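Shown next, in structure tokens, is the structure this report addresses.
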Amino acid sequence: GGIIMNQQERRMNELVILLNQAREVYEQGTDEIMSNKEYDTLYDELVLLENCLGYKLDNSPTQNVGNEVVSALKKVKHPSKMLSLDKTKNKADLKKFLGDKVGLLSWKLDGLTVVLTYENGNLVSAVTRGNGEVGEDITHNARHFKNVPQTIEYMDRLVLRGEAVISYDTFNKINSTLPPTGQYKNPRNLGSGSVRQLDSKVCAEREVEWICFDVIEGFKNIETNKKAKIVNTVYNLGFKTVETGIVNKENLSI
């Protein structure tokens with residue numbers, strides 16, 4: 001039994017190091033060292049090992065929201081944690097999670113999460129999600145996102161969470177101007193790198209779009225559980241919003 005236990009412990013250490021590296025690279029938007037599918041598979045293996053061994057390492061990705069942000073951009077602490085969402089590829093799990101409730105289903109956008117804040121109808125700040133607790137101030141670049149309104153007809157404080165993305169067309173167009181060795185691997189890397197540029201002119205040239213998927217603060221007159229209505233209200237203010245659909249256990253096909 002002792003040798004097997006040692007092997008399991010060794011493997012658990014390996015997985016923690018590897019997954020933390022992959023997550024850090026992913027959060028900084030630099031070249032990925034593994035695919036999302038590989039990450040999920042190794043993460044699931046780590047969860048099994050932790051359950052089997054009965055303990056978790058302090059720096060395990062199952063324990064932490066994310067890693068520290070490393071860059072020259074100004075750090076900003078989020079007033080409330082911007083947690084990453086749990087995910088599943090299994091429709092049965094989704095059905096179980098919903099139970100008898102009605103849910104709002106939307107696409108998972110693969111870009112860089114950015115939180116926009118408006119006060120008195122003006123865009124006052126844009127901060128990346130970062131590690132969920134501390135993000136980076138990218139207000140200078142958000143003013144150049146091609147579809148973000150600088151002013152809106154809503155005077156109360158409004159905090160929106162959305163995804164900064166670059167279309168495949170723009171991605172292919174930019175890559176075609178670069179030598180093969182300098183090309184971006186996917187639109188997410190390009191989008192992430194563009195949003196975090198120190199020079200806003202570079203970001204402006206990259207045609208970054210921002211798509212809202214959640215309201216953190218605002219619309220006090222709308223009940224908090226009416227997500228669909230809130231997303232629609234945001235759309236009417238001039239924002240692009242994620243495509244959504246209302247689901248229940250009956251209309252979720254298994």
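The values are calculated or read from the model by the stated rules, or taken from the named source; none is laboratory data. In this text the structure is predicted, and so the values were computed from the model without any measurement. All Cβ positions, even for glycine, are placed from backbone atoms using ideal geometry, and neighbour counts span all protein chains on display. To get the accessible areas, we keep the full protein, side chains included, count just its heavy atoms, and leave off ligands, DNA and RNA. Shrake-Rupley method; radii C 1.70, N 1.55, O 1.52, S 1.80 Å.
Restricting attention to segment 235-253, and to residues there that are among the hydroxyl-bearing types (Ser, Thr, Tyr) and over 20 Å from LEU116 (Cα atoms), which single residue is farthest from the chain's Cα centre (by Cα)? Break it down into steps so the answer makes sense when it comes.
Here is the first cut: in segment 235-253, the residues among the hydroxyl-bearing types (Ser, Thr, Tyr) are 235, 241, 244, 253.
This time we only want the ones that are over 20 Å from LEU116 (Cα atoms), so: 244, 253.
Values: THR244: 17, SER253: 27 Å.
Within segment 235-253, the match that is farthest from the chain's Cα centre (by Cα) is SER253.
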Six or more apart or on different chains, Cβ atoms under 7 Å: show the pairs whose first residue is in segment 31-60 and within 16 Å of THR88 (Cα to Cα) and of a type outside the set (D, E, K, R) and whose second is open to solvent by less than 50 Å² (accessible area, probe 1.4 Å) and assigned to a loop (DSSP other than H, G, I, E, B). TYR43/PRO61; VAL47/THR62
Looking at VAL148, VAL124, can you tell me which residue is at negative phi and either polar (S, T, N, Q) or in contact with a Ser or Thr (Cβ under 7 Å, 6 or more places away or on another chain) (or both)? VAL124
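Yes/no per residue for (1) hydrophobic (A, V, I, L, M, F, W, C); (2) at pLDDT 85 or above; (3) within 22 Å of GLN150 (Cα to Cα):
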residue: SER176; (1), (2), (3): no, yes, no
residue: ASN189; (1), (2), (3): no, yes, no
residue: VAL195; (1), (2), (3): yes, yes, yes
residue: ASP199; (1), (2), (3): no, no, yes
residue: VAL208; (1), (2), (3): yes, yes, yes
residue: THR224; (1), (2), (3): no, no, no
residue: LYS229; (1), (2), (3): no, no, no
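Kindly evaluate GLY121 against the criterion of being at pLDDT 85 or above and within 24 Å of GLU24 (Cα to Cα).
Values: at pLDDT 85 or above: yes; within 24 Å of GLU24 (Cα to Cα): no.
So GLY121 does not fit the description; no.
Results for (1) β-branched (Val, Ile, Thr); (2) within 21 Å of GLU205 (Cα to Cα), shown as yes or no for each residue.
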| site | (1), (2) |
| --- | --- |
| ASN122 | no, no |
| VAL127 | yes, yes |
| GLU133 | no, no |
| ASN141 | no, yes |
| PHE145 | no, yes |
| VAL148 | yes, yes |
| ARG161 | no, no |
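In segment 95-132, what residues are assigned to a helix (DSSP H, G or I) and open to solvent by 70 Å² or more (accessible area, probe 1.4 Å)?
Step one: list which residues in segment 95-132 are assigned to a helix (DSSP H, G or I), which gives 95-98.
Matches in segment 95-132: LYS95, LYS96, PHE97.
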Please go through segment 98-126 and give me each residue that is farther than 18 Å from VAL234 by Cβ and of a type in the set (A, V, I, L, M, F, W, C), ordered by number. LEU98, VAL102, LEU112
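Are any residues in segment 80-94 farther than 17 Å from ASN36 by Cα, more than 17 Å from the chain's Cα centre (by Cα) and surrounded by fewer than 16 Cβ atoms within 10 Å (Cβ to Cβ), and if so, which ones?
Quick first cut of segment 80-94, residues farther than 17 Å from ASN36 by Cα only: 80-83, 91-94.
Filter again for more than 17 Å from the chain's Cα centre (by Cα), leaving 91-94.
The answer is LYS91, ALA92, ASP93.
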Go through (1) at pLDDT 85 or above; (2) surrounded by 14 or more Cβ atoms within 10 Å (Cβ to Cβ) and name the single condition GLN28 misses. (1)
Restricted to segment 58-75, and to residues that are open to solvent by less than 40 Å² (accessible area, probe 1.4 Å) and modelled with pLDDT of 75 or more, which residue is farthest from TYR39 (Cα to Cα)? LEU73
